[in-house]
Structure formats: structure tokens, C-alpha cells
Amino acid sequence: MEKLTAVRRSFISPFVQEKDFDFTGGYCFEKNGSAFLLNPDVGSSILLDRDHLEEIKNKKISDDLQFKLIQRGFMKVPGSPQCTDEESILPRFFIIDLTQACNFRCTYCFRHLDETPRTISNETLQSIIDFIADYCKKTNQREIHIQPWGGEPLIAWKKILHIHDDLQEKGIKAVLTIESNAGLITPRVAKEAYERDIRIGVSIDGLPEIHNLQRKLANGKDSFEKMRQGMQNLRDAGYGTRHGIITVLTRNTLPYLEEFLEYFAIDLKIDRFKLNIVKDSPVMKDKGLCLSNAEIIDFQKRLLKKLIELNKRGHSIIELNVFDKLQNLLIRNKGNICISRGCLGGKKMIAFDMDGRIFPCDITDYKEEAVGSVNDGEELIPLLEKAHHKTDFFAKKESENCASCPWWFFCKGGCTTAIKYKKGKVEGVDELECLSNRSLYPELIRMFLEEHELVKILTKNKLEIA
Amino acid sequence: MKVLRFTKNNIDTFYLSPYIEYTFDDEKLVLRNDLFAKVLIAPQLKKDPEKTMQMLKEGIPSADAVAFVRDNFVCNDPQQVLEAFLQNGILE
Ligand code: SF4
Ligand code: SF4
């Protein structure tokens, strides 16, 4: 925290240098003779030395710097290109809710798991596949992403294979991503998945004892060994350590953060993982699992510190939210549908429920959020355009802090589904994401200005500040 | 990807913008600038495409930029090609 406060943050207001030469304004973070400028409206940034920052502050910008600022969206001159900040409606990521059934009973599960869980019928699944294929043909998309969803999606493994095969026959490459508890990953499932290049992420909640506490089998027994065997089957089938890992952080796991990261890197040889903070929802059984504001802030710092320490000790391991947020700041990442340009549910992603209804995200337990159905005979993009004016999901998310927030472009109020699950309607912002952004982004910028070599480590050499 | 910190040593050098995605479609170099939503199809390349792109990433002194375009792309008017690269946000 001492280091963080040493980074000076200010806002440089817009000004006109000469007639028609506009500086658009932006947040400025300075330390050690370096400055990071961020344009919160369009998410662009630039790193400068002190002399060039002074040119801006003194409103005497040289031609060379002026050119760089134009190309980075900080300056406009007559005829210069206009920045874009709006995303078109063109879904390329599709979630299909295959089953409510699950072989686990996790303490924080937010699905409304009924007594008699349903699984999608073959007829409805076929209508969804046909709908997606028709949409892809009309929009000229030959490669899309599909996430079979549950419950535990592998319960419907045959249906997953059918999605893959049928789309392939229709000339569409479907990249399938599955998040699984791994309890059903047999050697055969692992082999079939590997042969089809299906991306599988395994849910692990840290150390075995905590995992067993939070992720019980449906029969009440411990699940860690089952998960471990499933993960091993994936590795043996050819994935090696290149399968995903998803961890839910709760108040139970938080005290052991450093220990389980060590366990991930050294014992499980995991080299990348995604750490999601548990989200509050009305169906969550144990509210005590949610983190307090102070814990969230503390967590971000501890996570960064431990990742850096492990990497310095020679264990190459990255966390994917940190990775994406580093890219947001430095290269205006657009890869993450949730955290790079605000929530893109209903624009780049949609979900189908087991009756063929279409939703802007995996919010299928809230039927009022359906934008239409595959059985309506209507086309997807017009349906989504209409929904943008109609359903609660697309309501503006904002708090009094958002207007002056440097992270606005990346956040835009956070995850709509998280707000809906927590409050029952879309109002205000996703407080958890807000707090995460407000604590993590300043730490990352401090890194750019103080220890920029760490960027290379935490992005697995993808980015490097030179 | 190298993210640059601009100083007096590199402020007058042209680099490939960090907001560019490029692909080689049917041997054509297609460059997309995501910040400005611009797409540019470059003239035919004379050399190994990846080598040319690597040189742009490493930086070309602005005084050598026209010569660089002449050496790397099939074109009658390298100055005009360079202008197109600059106006579409391909180089910064
Ligand atoms: S929700 Fe928070 S982090 Fe997000 S834009 Fe608003 S103030 Fe910033
Ligand atoms: S609602 Fe949440 S999970 Fe869905 S796309 Fe938006 S940010 Fe992502």
C-alpha cells in the first residue's frame, strides 16, 4: 500500500492546443519519471517519460508526440480517425444449458437445482443447433465458441458430441469449452475430448481439505480424489497440464490463498488458472462464504504478491483475470466477453435454455430475461436489437462513482447476471467486480511504473514493456 | 508484444500500433485497427511477411519509412502507401 500511494494520480483535462488540435483528456499515473496515461472513454493508453508528459501538462505538444497521441486516441486533428467505443451485436459465443443434473452439491452453487433435474430433449437441442447453424451461415461465421452448461455438463456427454459433430457436418467449426467438476472424466471421455480439441476446465477449490468442504459429492462424500482422477485422465489423454483450472474463492479458502497457490504450482503443476470470487445469490446456502470489501482488496494484493514470488522462484504460473486486465490496460484487449469492455452478454454471447428460449447470458433461471426462442422463426440479431430496449438485462448499470472512474471502459458496471442474481433486478453495479477493479488496476499500473519486467512474467511473455 | 514507453530515443520512430490485428488471407496482408475500426489491405509483400511485420514491431525510424515501404511492398508510390498506413492507424 505504501508503494501504491506513491504513484501520483491526476486527471489531465481536455484542451485545445491550436485551432482544431484537441487533447481529449485522460487519467495520468506517474512515478519514477514515467507516466501511464489512460483514456477511460475508449480504453486506450500510452506510456511516456517525464519530458513528454510535461509537454502535455504545459500544453505544448511537439509534432512527434502529437502523432503518437492521435494514434492512441488521445488527440484529434482535422481528418484524424475517430475512436470507436461501441460493440456491434454479433454473437460468437453460445452457451447451451444441457442439464440441471449434477453429481456434486457445491455450497455456493447458484443454480436453482430442482428435486427432479431436467435434461434437454434431443428435439430441442437439434432446434438450437439448427438455429445456430442458420445464424452462422447468414452472418458468414465459420468458427464459433460453444459452452455446454449445467449442472454438470458431462452428464450429457453424448449430446455434447452431437453438437460438435452436427455443426461440423454443417460446415461450422465449433470450439467447445466445458467447465466440469471432473467427476465424470473417465479415460474414454478424456480421449474423446482430446481428439476433438475440446477445451476442458476443471473446478478445484484449493487444498484437498477445503475442496472437500465446499465441493461435496451429491451423496455427501468428499470429491477431491474423484476430481484428481478426472484431471489425471485428462493429462494422460494428451492435455498434459494444458487443461483449464477454475477456482472459487470463498471466506473458507481465503486464509489459505498462498498455500493453495503453492500447491497448484508445485504439486499439481498448474501453469494457469482462473480465480473467481464467490458471488452472492438468493439460493446460496451459506452467506458466510462471501468476502467482505476489506477481504477483496487484501486478496488482490496477496494474489499478485504470491504469483510474483512463485514465478521468481521458477514456477511459471499465471492467473487469467490478472492476465486479461493487464492486456486491457496495455493493449485494449477485447478477448474477454465479461471484463474487457463491460458485459457483452447479448452482444457477443447468448445462452439457450432447455426449452430453446434465448437469453443474453446464462441467466436462464430468470425467464423474464428471455429475448425470444429458437421456435419463434425470428432471426437472432433483430431479436437482440429489440431486447436492448425491452428487458431488464440491458438496463444501464452505474453508480455515482462510474462517471469519474478510470476503469469505466473495461468495467461498465460489471457483470449483469451477478447483479440480477444478487438483487433480483438489474440496478446499480456489480459491487464485487467494482471493488476488484478498484483494487487491482492501480496495483497493475504501479507495476508498469516501478517493476515493469513483471508484466512479462504475469502474461507468460505475451506482453513486455520496453 | 513489446509495449513501448516513449522517450526522446524512440518518439520519432514508427511502430506497428498495439491495436492492430493482422492476418494473411489468401496471401494478402489484412490489417485491422480495433481502436478506429479501420481495415486496410496492404499491397503485395516482397519478402517473408512475418519478417516484414517483425521489422514494423521493432520500429522504423520515420526518416527511413518510405524506403522501408519501397523495399517491402510492391507499389508505385511508397509515400502514398505510407500515408495510408498512418491515416488508418496501422503505424504509430
Ligand atoms: S462499477 Fe466501479 S469499477 Fe466499474 S466503472 Fe463503476 S466505479 Fe468503476
Ligand atoms: S452477464 Fe456476466 S457472465 Fe454474462 S456476459 Fe455479462 S459479464 Fe459475462
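The values are calculated or read from the model by the stated rules, or taken from the named source; none is laboratory data. None of these values were measured; they are calculated from a predicted model. Ideal geometry is used to build each Cβ from the backbone, glycine not excepted, and the neighbour counts take in all protein chains shown. Heavy atoms of the whole protein, side chains included, go into the accessibility calculation; ligands, DNA and RNA do not. Shrake-Rupley method; radii C 1.70, N 1.55, O 1.52, S 1.80 Å.
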Quiz prompt | Count of region A:406-441 residues which are open to solvent by 20 Å² or more (accessible area, probe 1.4 Å), more than 12 Å from ligand 2 (Cβ to nearest atom) and either in contact with a strand residue (DSSP E or B) (Cβ under 8 Å, 6 or more places away or on another chain) or among the acidic types (Asp, Glu) (or both) | solution = 2
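For region A:246-363, give me every one of the helices (runs of 4 or more DSSP H) that falls completely inside it and has 1 or more residues that are within 16 Å of ligand 2 (Cβ to nearest atom).
A:320-331
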Quiz item: Quick one: A:LYS221 ticks every box in (1) in a loop (DSSP other than H, G, I, E, B); (2) over 19 Å from A:THR186 (Cβ atoms); (3) without any contact (Cβ under 8 Å) to a residue 60 or more places away in the chain bar one, so which box is it?
Solution: (2)
Quiz item: With respect to A:ASP376, is the statement that it is open to solvent by 30 Å² or more (accessible area, probe 1.4 Å), charged (D, E, K, R) and within 14 Å of ligand 2 (Cβ to nearest atom) true?
Solution: no
Quiz item: Among the candidates A:ALA403, A:ALA370, A:ALA387, A:ALA395, which residue alone is in contact with a strand residue (DSSP E or B) (Cβ under 7 Å, 6 or more places away or on another chain) and of a type in the set (A, V, I, L, M)?
Solution: A:ALA370
Exercise. Specify which of the listed residues (A:LYS422, A:LYS456) is more than 30 Å from A:ILE308 (Cα to Cα) and assigned to a helix (DSSP H, G or I).
Key: A:LYS422
Exercise. Output the number of the condition that A:ASN333 fails; it satisfies all remaining conditions of (1) without any contact (Cβ under 8 Å) to a residue 24 or more places away in the chain; (2) open to solvent by 40 Å² or more (accessible area, probe 1.4 Å).
Key: (2)
Practice problem: May I ask you to list the residues in region A:440-463 that are of a type outside the set (D, E, K, R) and on the phi > 0 side of the Ramachandran plot? | Solution: A:ASN461
Quiz item: In chain B, which strands (runs of 3 or more DSSP E) lie fully inside it and hold 2 or more residues that are in contact with a Ser or Thr (Cβ under 8 Å, 6 or more places away or on another chain)?
Solution: B:28-33
Quiz item: Looking only at residues in region A:54-91 that are more than 9 Å from chain B (Cβ to nearest Cβ) and within 24 Å of A:ARG438 (Cβ to Cβ), which one is least open to solvent (accessible area, probe 1.4 Å)?
Solution: A:PHE74
Self-check item: Enumeration of residues in region A:87-107 that are among the acidic types (Asp, Glu) and closer than 16 Å to A:TRP157 by Cβ
Solution: A:ASP97
Practice problem: Identify, by number, the condition in (1) crowded, with 21+ Cβ neighbours inside 10 Å; (2) more than 13 Å from chain B (Cβ to nearest Cβ); (3) at pLDDT 95 or above that A:LEU449 doesn't meet. | Solution: (2)
Exercise. Just one of (1) within 11 Å of chain A (Cβ to nearest Cβ); (2) open to solvent by 30 Å² or more (accessible area, probe 1.4 Å); (3) of a type in the set (A, V, I, L, M) trips up B:VAL74, so point out which.
Key: (1)
Quiz item: Can you find even one residue in region A:93-103 that is in contact (Cβ under 8 Å) with a residue 24 or more places away in the chain, open to solvent by 30 Å² or more (accessible area, probe 1.4 Å), away from chain B (no Cβ under 12 Å) and closer than 20 Å to A:GLY183 by Cβ?
Solution: yes
